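One structure below.
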Amino acid sequence: MQALDMAGHLIRRLHQLSTQVFVQRTQAAGFDLILANRLAVNIPRRLADAGVDTLELSTGDDLASAILRFADLRRLAHRFDLFTTRGSDAHEPQKLKDFATRRFD
C-alpha cells in the first residue's frame, strides 16, 4: 500500500503526534491545561453571574445578522423588564405582546 492510499490515516496520525507534542511542551513549561480548560468552560457562567450579556457564535453564522438578532433579543428583554415592573398589567399576555413589539425609534 502506498502513502497516498493512506492519506486519511496519515493526517489523523500527524494530528495525534502534534497534539502529543503540544501537551508535552505545555506541561514542560509548567502550564496546567486541565485548569485552563475548566476556567474557559466557566467563563460564560461567571459573566452571566456578573450581569454581562454574551453572544456565542458559530463559525458558520453570519456575523451581522447574529449581532442584530442579539440586539433585538436584548431590546425585547429590556422591554419585558420595564413592562413587568410597571404593575399588575404584567399578567395580561396581549398587553405584554403589544408592549414588546412596539418600536421606540
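Give the residue that is farthest from Ala77 (Cα to Cα), with candidates limited to residues of the stretch 32-60 that are among the polar types (S, T, N, Q) and not in a helix (DSSP H, G or I).
Filtering the stretch 32-60 for residues that are among the polar types (S, T, N, Q) and not in a helix (DSSP H, G or I), the one farthest from Ala77 (Cα to Cα) comes out as Thr59.
It is to be established whether one or more residues within the stretch 27-37 are β-branched (Val, Ile, Thr) and surrounded by fewer than 10 Cβ atoms within 10 Å (Cβ to Cβ).
yes
So Arg79 passes all but one of these: (1) at pLDDT 75 or above; (2) outside any helix (DSSP H, G or I). Which condition number does it fail?
Here Arg79 clears every test but (2).
Which condition from (1) modelled with pLDDT of 85 or more; (2) over 28 Å from the mean Cα position of the chain (by Cα) is the one that Ala64 breaks?
That leaves (2) as the condition not met.
The values are calculated or read from the model by the stated rules, or taken from the named source; none is laboratory data. Here the structure is a predicted model, which is why all the values come from computation and not from measurement. Virtual Cβ from ideal backbone geometry, glycine too; neighbours counted across all protein chains shown.
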